[in-house]
Amino acid sequence: MSQARTIRFSIFRFDPQDPNDKPKMVNYEVTEAPGMTVFIALNMLREQQDPSLQFDFVCRAGICGSCAMVINGKPTLACRTLTANYPKGEIILMPLPGFELIGDLSVNTGKFMRELAERLQLWLQPNSIDNDIHRMEQPMDPDEAAKLYELERCVECGVCVSACATKQMRDTFVGAVGMMKIARFELDSRDTRTADDFYHVIGNQDGVFGCMTLLGCQDACPKDLPHMTQIAYLRRKMALTSPNRIL
Ligand code: SF4
Ligand code: FES
């Protein structure tokens, strides 16, 4: 029987609340088990070696989006990443860039998503008849429902934000997650906002015209959402809506 190998972790540690603390990398070792994920290894580290290690998780199944971090240079979900993917057994963990650091590997994606939702008004805006709670719900066209479901799969992990070079250069850029959510409401026949309304929100360099099409968002998204198709669609639509359009 082959002997279990040792995985060497180098983990970013920093408590921004402690004025005496400084950012540093700390090394740990864990004995690999079959099917071990980075999340399982982190849990073992916290339980057996260092209870002060901060990282987030809820579902352990790629559903909540909480455990996103940078693993060997790539933003992704720790609970969906096998240690077996790293043949050298060396794993470097960093917090997601572009978000407020809570501590170590934990970042405040919730604050970012909340501010994004308020800025882009990411909620359904139906007409006044639809606000009547006593009215029978209308069935949705199955094709439209299927397309909406596709865009609803976003788990708000923040990976696409961290993988986006434009976002890292321009903090006000709404990022792929913002545009995917706008695409979701633009598609929804119950939403009364017009292309002109959406133009005033994302028809600028902080929205669709700021995207440099580097594809980092689509390459990194753990839910394989169709970022580029949707961003290209919105960009064409916003270009045709622009008051400065040539056509
Ligand atoms: S679009 Fe993908 S990468 Fe971006 S927040 Fe949603 S699930 Fe995460
Ligand atoms: S713990 Fe929920 S996505 Fe990883």
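Quick one: what pairs do we get from region 15-44, first residue under 25 Å from N108 (Cβ atoms) and touching a residue at least 60 places away in the same chain (Cβ under 8 Å), second acidic (D, E) and away from ligand 1 (no atom under 16 Å from the Cβ), C-beta under 6 Å, 6+ apart or different chains?
Filtered contacts from region 15-44: D15/D21.
Surrounded by 12 or more Cβ atoms within 10 Å (Cβ to Cβ), on the phi < 0 side of the Ramachandran plot and modelled with pLDDT under 95: which single residue out of R80, R170, R135 fits that description?
R170
Condition check: within 14 Å of ligand 1 (Cβ to nearest atom), acidic (D, E) and surrounded by fewer than 18 Cβ atoms within 10 Å (Cβ to Cβ). Does D143 satisfy that?
The answer is no for D143.
Could you check, for region 183-193, whether at least one of its residues is closer than 22 Å to V155 by Cα, under 22 Å from the mean Cα position of the chain (by Cα) and within 12 Å of ligand 1 (Cβ to nearest atom)?
Looking for residues that are closer than 22 Å to V155 by Cα, under 22 Å from the mean Cα position of the chain (by Cα) and within 12 Å of ligand 1 (Cβ to nearest atom), one finds at least one in region 183-193, hence yes.
Take region 42-69 and flag every residue that is of a type in the set (K, R) and part of a helix (DSSP H, G or I).
Listed by number, the list holds a single entry, R46.
If the requirement is being surrounded by 15 or more Cβ atoms within 10 Å (Cβ to Cβ), in contact with a helix residue (DSSP H, G or I) (Cβ under 6 Å, 6 or more places away or on another chain) and closer than 27 Å to G73 by Cβ, which of these qualifies: G175, G203?
Only one candidate qualifies: G175.
Exactly one condition in (1) modelled with pLDDT of 95 or more; (2) in contact with a strand residue (DSSP E or B) (Cβ under 6 Å, 6 or more places away or on another chain); (3) among the aliphatic types (A, V, I, L, M) is not met by A33; state its number.
Failed condition: (2).
The values are calculated or read from the model by the stated rules, or taken from the named source; none is laboratory data. The structure presented is a predicted model; accordingly, all values stated were derived computationally and were not measured. Neighbour counts are summed over all protein chains in view; Cβ atoms, including those assigned to glycine, are modelled from backbone coordinates with ideal geometry.
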